[in-house]
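Novice: Starting off with a structure, shown below.
Only the coordinates and a few stated rules stand behind these numbers; no lab work does. Bear in mind the structure is a predicted one, so any value in this text is a computation, not a measurement. Neighbour counts are summed over all protein chains in view; Cβ atoms, including those assigned to glycine, are modelled from backbone coordinates with ideal geometry.
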Amino acid sequence: MSNDYPPTPTEQVRREVMRMWWEDLTFIHYPYEPEQVQRLLPEGLTADAWHGETPLSSEASSETTGGAGNTSERDGAVWVGLVPFRMRVGFPGGRAMPARIGVFPETNVRTYVRGPDGTPGVYFFSLEAGALPATASARIAYGLPYFWADMSIEDGERAPGGEWAYRSTRRWPKPKGAMHRSRAVVGDEIAEHSAFEHYLTARWGLFSQLAGRNLYAPVDHPRWDLYDAELIDLDDELITAAGLPKPTAEPVVHWTPGVEVRIGRPRRA
């Protein structure tokens, strides 16, 4: 299974169309039944279920009740990620944009899919962004479902014990008012990523839909520095605003200081 999700990019991005830095991310992942996710995907994309062991952090294992943390009950689930972080946008080649327009909070609701040829990748149900120009341009140029939101991040330490808080309230387009609030504490660094962590994070392409066509863009970035994390506060409406039912299982949570990312030219999937 780990060979299906290699830890390094599967396609080198030689001519990038976007350079960005995804910083101070908290990955909050929930398992769903495949049909719950599949009904929201465009035709031609298939929900990518995880089959195998699902390791949990010690915090999640000790706090989970009612069998939600049983790895066998999670086998065959499709995972949905709730991912708040700080975005820094640059020009192709690496020069950063001015901070007033190129640095802003973002929170994504994403899942994992395969294209018509079986290529794995990420599909975004929604992307909240604290910058209106980025929201409008990404919607128009790439068909990504960006939403303009009032957002903030409370920075913590980039080390075990650091506490990070994220807040978002959607402004445009509808459903206006959809909100997210979370707070996570950084745990121990993960020295060797499991096959399951590769499934969640080693995704070297993104899918979107523009003018009724499925597009695929390759993604190139270094290996994540992943840490276990504990979620100590969460109030979220973004998952249900995307059309998914409210999660019932305990989440699997990671934190990372982030990576520098190169996005290649989109092509028809």
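Novice: Might you report the magnitude of the Cβ-based charge dipole of the chain about its Cα centre, with Lys and Arg at +1 and Asp and Glu at -1, to the nearest 20 debye? Intermediate values should be presented prior to the final figure.
Specialist: On the way: 28 positive and 36 negative charges, 388 e Å.
Charge dipole of the chain: 1860 debye, to the nearest 20.
Novice: Additional query: Over all distinct alpha-carbon pairs, what is the Kirkwood Rh of the range 123-269 in angstrom? Intermediate results must be reported in sequence, preceding the final value.
Specialist: Values: mean 1/r = 0.0588 Å⁻¹.
After inverting the pairwise mean of 1/r, the radius is 17.0 Å.
Novice: For the chain, with equal point scatterers placed on the C-alpha atoms only and solvent neglected, what are the log10 I(q)/I(0) values from the Debye formula at q = 0.08, 0.16 1/Å, to two decimals?
Specialist: Debye output, listed in q order: -0.29, -1.37.
Novice: Contour minus end-to-end for E33 and T240, with contour as 0.36 nm per residue of separation and end-to-end as the Cα-Cα distance? Walk me through the numbers on the way to the answer.
Specialist: Details: separation 207, 0.36 × 207 = 74.52 nm, distance 1.49 nm.
Roughly 73.0 nm would be gained on extension.
Novice: Which FRET efficiency value, to the nearest 0.05, do you get for D188 and M97 by plugging their Cβ-Cβ distance into 1/(1 + (r/R0)^6) with R0 = 35 Å?
Specialist: Details: r = 34 Å, r/R0 = 0.98.
The pair D188/M97 has a calculated efficiency of 0.55.
Novice: Enumerate by residue number the trypsin sites (Lys or Arg not before Pro) in the range 168-269 meeting two conditions: DSSP loop (anything except H, G, I, E, B), and at most 14 other Cβ atoms within 10 Å of the site's Cβ. List each step's numbers first, then the result.
Specialist: On the way: sites: R170, R171, K176, R181, R183, R203, R213, R223, R262, R267, R268; in loops: K176, R203, R223.
For trypsin sites (Lys or Arg not before Pro) across the range 168-269 that sit outside H, G, I, E and B with at most 14 neighbouring Cβ atoms in 10 Å, the list reads K176, R223.
Novice: DSSP beta bridges in the range 25-268, what fraction antiparallel, as a percent rounded to 5?
Specialist: Working: 65 of 70 bridges.
The antiparallel proportion sits near 95 percent.
Novice: A further question on this structure: Taking neighbour counts of Cβ atoms within 10 Å as a proxy for exposure, in what order, fewest first, do L244, L132 appear?
Specialist: Values: L244 19, L132 15.
Going from least to most buried by this count: L132, L244.
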